[in-house]
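Comments concern the structure below.
Only the coordinates and a few stated rules stand behind these numbers; no lab work does. For clarity, every value in this text was computed on a predicted model and none was experimentally measured. All Cβ positions, glycine included, derive from the backbone under ideal geometry; neighbour counts span all protein chains shown.
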């Protein structure tokens, strides 16, 4: 029981620190944040902070890794559903992947927005691109996306997917998530399945 209670306290403490860090990223920017800022906002002492993180750079890196890894898991979990709908030409309803993608981002809205506004956003984007690369294009038996890699097309696809999706996410977050997760998932599904030209109305289906 003591171990379980300790685990709960650890989870609660780390959650509090990350929430405080997200708020501070939005208010001050990463370079201006101090450990004192974080511990004060999270209502923990410095010793507690250093039990979990080496410094604010370690905290930043762990936040980035966690978000990118979770998004990659969402992709892997739903890849078969995307492939099945494409093969059946069933793209009238949003992909489960797209809906889970936006639901997760909205649940973590403040930290995502803080990281995308931060000077290290390019590293964050590269990290997500690498995770997508591993999830979609590495040759594994369960990987449904088996395409030719002539001219390094996989690398370009990974760049395009990560860059385009993060741009859409950043705009949505900056717009205070005005559209619902379902609306954004539907939009992303249409763009992915029908193409930009068709969705923009420049060509009929």
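Each residue, residue 164 and residue 66, gets one label point 7 Å from its Cα in the Cβ direction; the gap between the two is 3.1 nm. Sorting the segments 43-50, 111-118, 173-180, 15-22 by their residues' average number of neighbouring beta-carbon atoms within 10 angstrom, most packed first, yields 111-118, 15-22, 43-50, 173-180.
Stretch residue 156-residue 109 to full length: gain in nm at 0.36 nm per residue minus the Cα-Cα span? Don't skip to the end; give the middle numbers.
On the way: separation 47, 0.36 × 47 = 16.92 nm, distance 2.76 nm.
Gain on stretching residue 156 to residue 109: 14.2 nm.
From least to most packed, judged by other beta carbons within 10 angstrom and beginning with the fewest, 11, 33 follow the order 11, 33. Comparing segment 1-53 with the 2.2 N^0.38 Å rule of thumb, its C-alpha radius of gyration ratio is 1.21 (two decimals). On full extension, the segment bounded by residue 174 and residue 27 gains 51.5 nm, given 0.36 nm per residue less the C-alpha separation.
May I ask you to order 97-108, 188-199 by the average number of other C-beta atoms within 10 Å around their residues, highest value first? Walk me through the numbers on the way to the answer.
Values: 97-108: 19.1, 188-199: 15.7.
Most protected by this proxy first, the peptides run 97-108, 188-199.
Model label sites at residue 52 and residue 202, defined 7 Å from Cα along the beta-carbon direction, differ in position by 4.7 nm.
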